[in-house]
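The block underneath contains the structure these notes are about, expressed in structure tokens.
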Amino acid sequence: MDSIVVIGGGLGALFTGALLAKEGCRVTVLEKNKQIGGGLQTFYRRGVGFESGMHLLGGIRPGGSIYKLCRYLGIMDKMDIRDVDHDCMDEITYLSDGKTYRVPEGKENFIAYFQHEFPDEATHIRDYVEALFAIVNEIDFFYLRTSNSHIYTHGEQFMWPADRLIAHFIGNEKLRDVLAYMNPMYGGYAGHTPAYIHALINVLYISGPSRFAGNSQQMAEALRGVIEAHGGGVAGGDPVTGIDITDRELTAVRTLGGQTYTADKYVAAIHPAALLQLTDAKAFSRAFRTRIGSAPNSYSSFCVYVVFKPQSFPYINHTCYYQSDYGMVWHYNEYNAGEFPRGFMYMTPCEAEQGPWATKMIINSIMPYSACAPWAGTLTGRRGRAYEEWKRQRTEQVLDKMERLFPGFRQKCDLVFASSPLTIRDYYNEPEGALYGLHKDCLNVAQSQVPVYTKVRNLYMTGQNVNLHGFCGVPLTAINTAEAIVGLNRITDKINALDDEK
Ligand SMILES: Cc1cc2nc3c(=O)[nH]c(=O)nc-3n(C[C@H](O)[C@H](O)[C@H](O)COP(=O)(O)OP(=O)(O)OC[C@H]3O[C@@H](n4cnc5c(N)ncnc54)[C@H](O)[C@@H]3O)c2cc1C
């Protein structure tokens, strides 16, 4: 079987590596950070662990595609993953009118809840939710249905802008806004984000969200275990700094530490712009370079992390969304320091031994990369006083909003610190600190994602820039990438066969 070198050691790399290792390939994963995992990494402050990029999980309940995939890889029992509250998976509060929506999981519950809140739109709400499920049903990949082709035909609404899809069914302006509340989970822009992305994320979470108990690193370690159990290796702490390509064939991967790795086949599990920086101009066509160089990235986030004083803030077993006003949700990407934050999501992540009190909170406020443009040329820890002051001011603005939601909030905090789009950029080597890689645009689909296959014969792509981002999209793409190497539907068939045996 083939030897494989995977560049990057994040979610996509580890799933692709684990699937290929299970197929008998000799896999070596190369991660730049000491700690593997990318979006799965957990970091610690004062002994409290924080997930860096994986708070809300979809598709991991029994029957879900990621559940089936993890069961196939034998890692389900190596992770502690819990359901969020069934009767309230998400809580959305609008500061302008003080209204809070408590949205239950489950298709029928979701419909009934919004029908109760907006009785005049009752029929339209059902039609809208049915349309979401119908759109997602067009995507075989999402349901692990085998496909004989990578060419899909889709209904008309599939590629509409997401805001147009909502407006097509829903007349009430407030309800249109509320139904777009998951926007921060997919980086939505009005007029650009395709309806199918909005539908996928909504259907994923309506079907039942989950969260890690303990930390997200456990999944990275479980996947590392699969790779190592099949004779492969995962090396952290040595960035790939160069790849050698001759006559459209990759011949070696070189690292900062002076190591050279060779293999039959290579998988790039990093942003395509970061890949292009590893090689000279001749390796890829000018058209490809221009396309990647000009493709817009999704927006970023300003994250505030809180360690609470003991027994001061209750544990909340679901995600909460804050909106300053109606009409903002499709304009998160526009930054105005005075208005910041227009909206954010906050959660109290679950500890392994979770009681009634929260130990910590993560508050993610959407922020475009341009907000920290003055410090774009700086590196972590050396960004200067003006940056630290800018960060302090933004943190205070977020805390002011938390005070409005929970009077006395600051008194409950033992430690508060923040990260900016620059932190995300440098931590993951993700251009512009993009939350979800390239921005998916229904007006220019070709530009907003890259195929699994590249013009370099033995180089394949995986990760969030190929199909879909996140906890569900990236592992499903890993199956596509692994099957490009071992044979179409080979792994999907095995996953489904195991599921049929149950
Ligand atoms: C703040 C934040 C919160 C998020 N919250 C959620 C959430 O709640 N739910 C959800 O589903 N998704 C969430 N996401 C998105 C999710 O984290 C990503 O979609 C996912 O991690 C992408 O996987 P990936 O493998 O493509 O990239 P990554 O997981 O980022 O992995 C890429 C890896 O490549 C490494 N790398 C880069 N360059 C090199 C190099 N030259 N040499 C070696 N290694 C290199 C990086 O260090 C990184 O480890 C969040 C993202 C962020 C930033």
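It is to be established whether one or more residues within region 454-469 are among the hydroxyl-bearing types (Ser, Thr, Tyr), away from the ligand (no atom under 14 Å from the Cβ), over 30 Å from residue 48 (Cβ atoms) and out of contact with any Leu (no Cβ under 8 Å at 6 or more places or on another chain). Within region 454-469 (the criterion being among the hydroxyl-bearing types (Ser, Thr, Tyr), away from the ligand (no atom under 14 Å from the Cβ), over 30 Å from residue 48 (Cβ atoms) and out of contact with any Leu (no Cβ under 8 Å at 6 or more places or on another chain)), the answer is yes, since at least one residue qualifies.
For region 468-502, residues that are buried (at least 22 other Cβ atoms within 10 Å of the Cβ) and in a loop (DSSP other than H, G, I, E, B) total 2. Applying the set (1) within 26 Å of the chain's Cα centre (by Cα); (2) open to solvent by less than 30 Å² (accessible area, probe 1.4 Å) to residue 296 leaves exactly one unmet item: (2). The single condition among (1) at pLDDT below 95; (2) within 27 Å of residue 413 (Cα to Cα); (3) out of contact with any strand residue (DSSP E or B) (no Cβ under 8 Å at 6 or more places or on another chain) that residue 353 does not meet is (1). Of all residues in region 425-450, those satisfying the criterion of being open to solvent by 40 Å² or more (accessible area, probe 1.4 Å), within 15 Å of the ligand (Cβ to nearest atom) and either within 30 Å of residue 487 (Cα to Cα) or of a type in the set (Ser, Thr, Tyr) (or both) are 427, 428, 449.
Among the residues of region 344-403, write down those that are exposed (fewer than 15 other Cβ atoms within 10 Å of the Cβ) and either in a strand (DSSP E or B) or touching a residue at least 60 places away in the same chain (Cβ under 8 Å) (or both). Across region 344-403, the qualifying residue is only 352. Entry remark, region 52-85: residues being in a loop (DSSP other than H, G, I, E, B) and within 16 Å of the ligand (Cβ to nearest atom) number 12 in total. With respect to (1) hydroxyl-bearing (Ser, Thr, Tyr); (2) over 23 Å from the mean Cα position of the chain (by Cα); (3) away from the ligand (no atom under 16 Å from the Cβ); (4) at pLDDT 95 or above, the lone exception for residue 44 is condition (2). Restricting region 470-490 to residues that are within 24 Å of residue 275 (Cβ to Cβ) and in contact with an Asp or Glu (Cβ under 8 Å, 6 or more places away or on another chain), the residue that is nearest to the ligand (Cβ to nearest atom) is 482.
Yes/no per residue for (1) assigned to a loop (DSSP other than H, G, I, E, B); (2) among the small types (Gly, Ala, Ser); (3) within 21 Å of residue 250 (Cβ to Cβ); (4) away from the ligand (no atom under 15 Å from the Cβ):
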residue: 9; (1), (2), (3), (4): yes, yes, yes, no
residue: 16; (1), (2), (3), (4): no, no, yes, no
residue: 39; (1), (2), (3), (4): no, yes, no, no
residue: 50; (1), (2), (3), (4): no, no, no, no
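Number of residues in region 404-417 that are open to solvent by less than 50 Å² (accessible area, probe 1.4 Å) and in a helix (DSSP H, G or I): the value is 2.
Which of the residues belonging to region 236-247 are over 17 Å from residue 429 (Cα atoms) and open to solvent by less than 40 Å² (accessible area, probe 1.4 Å)? Break it down stepwise before answering.
Going through region 236-247, the residues over 17 Å from residue 429 (Cα atoms) turn out to be 244-247.
Across region 236-247, the qualifying residue is only 245.
The number of residues in region 102-160 being touching a Ser or Thr at 6+ places or on another chain (Cβ under 8 Å) and crowded, with 18+ Cβ neighbours inside 10 Å comes to 4. The listed residues are 245, 227, 197, and the only one of them that is among the hydrophobic types (A, V, I, L, M, F, W, C), within 16 Å of the ligand (Cβ to nearest atom) and either part of a loop (DSSP other than H, G, I, E, B) or within 30 Å of residue 120 (Cβ to Cβ) (or both) turns out to be 197.
Of the numbered criteria (1) within 17 Å of residue 349 (Cα to Cα); (2) assigned to a loop (DSSP other than H, G, I, E, B); (3) open to solvent by 10 Å² or more (accessible area, probe 1.4 Å), the one residue 88 fails is (3). Whenever a residue of region 408-431 is touching a residue at least 24 places away in the same chain (Cβ under 8 Å) and of a type in the set (Val, Ile, Thr), its partners that are part of a loop (DSSP other than H, G, I, E, B) and open to solvent by 40 Å² or more (accessible area, probe 1.4 Å), lying with C-beta atoms within less than 7 angstrom and at least six residues away or across chains, give the pairs 423/380. Cβ-Cβ contacts under 6 Å between residues 6 or more apart (or on different chains), taken from a first residue in region 109-130 that is of a type in the set (A, V, I, L, M, F, W, C) to a second residue that is part of a loop (DSSP other than H, G, I, E, B) and at pLDDT 95 or above, are listed as 118/172.
On the given criteria, is residue 43 among the hydrophobic types (A, V, I, L, M, F, W, C), open to solvent by 20 Å² or more (accessible area, probe 1.4 Å) and in contact with a Ser or Thr (Cβ under 7 Å, 6 or more places away or on another chain)? Walk me through how you get there before you give the answer.
Details: among the hydrophobic types (A, V, I, L, M, F, W, C): yes; open to solvent by 20 Å² or more (accessible area, probe 1.4 Å): yes; in contact with a Ser or Thr (Cβ under 7 Å, 6 or more places away or on another chain): yes.
Spelling it out, residue 43 is indeed among the hydrophobic types (A, V, I, L, M, F, W, C), open to solvent by 20 Å² or more (accessible area, probe 1.4 Å) and in contact with a Ser or Thr (Cβ under 7 Å, 6 or more places away or on another chain).
Scanning region 106-115 turns up no residue that is within 16 Å of the ligand (Cβ to nearest atom), more than 25 Å from residue 489 (Cα to Cα) and part of a loop (DSSP other than H, G, I, E, B).
Take the residues in region 248-278 that are of a type in the set (D, E, K, R) and away from the ligand (no atom under 12 Å from the Cβ); name whichever of them is surrounded by the most Cβ atoms within 10 Å (Cβ to Cβ).
Of region 248-278, the ones of a type in the set (D, E, K, R) are 248-249, 254, 264-265.
Filter once more, so that each one left must be away from the ligand (no atom under 12 Å from the Cβ): 248-249, 264-265.
Details: 248: 14, 249: 11, 264: 13, 265: 18.
Here the answer is 265.
Write out, first by first residue and then by second, each pair whose Cβ atoms fall under 8 Å of each other, whose residues are 6+ apart or on separate chains, and whose first residue, in region 22-36, is touching a residue at least 40 places away in the same chain (Cβ under 8 Å) and near the ligand (Cβ under 9 Å from one of its atoms) while the second is in a strand (DSSP E or B) and among the aromatic types (Phe, Trp, Tyr). Between residues of region 22-36 that are touching a residue at least 40 places away in the same chain (Cβ under 8 Å) and near the ligand (Cβ under 9 Å from one of its atoms) and residues that are in a strand (DSSP E or B) and among the aromatic types (Phe, Trp, Tyr), the close pairs are 30/261; 35/43.
Inspect all residues belonging to region 315-328 and state whether any of them is over 30 Å from residue 91 (Cα atoms) and in contact (Cβ under 8 Å) with a residue 12 or more places away in the chain. So far as region 315-328 goes, no, none of its residues is over 30 Å from residue 91 (Cα atoms) and in contact (Cβ under 8 Å) with a residue 12 or more places away in the chain.
The values are calculated or read from the model by the stated rules, or taken from the named source; none is laboratory data. The model shown is predicted, which means the values in this text are computed figures rather than measured ones. Because the Cβ atoms are built from the backbone with ideal geometry, glycine has one as well, and the counts that use them run over all protein chains shown. Ligands, DNA and RNA are stripped out before the accessible areas are found, and what is left, the full protein with its side chains, is counted by its heavy atoms. Shrake-Rupley method; radii C 1.70, N 1.55, O 1.52, S 1.80 Å.
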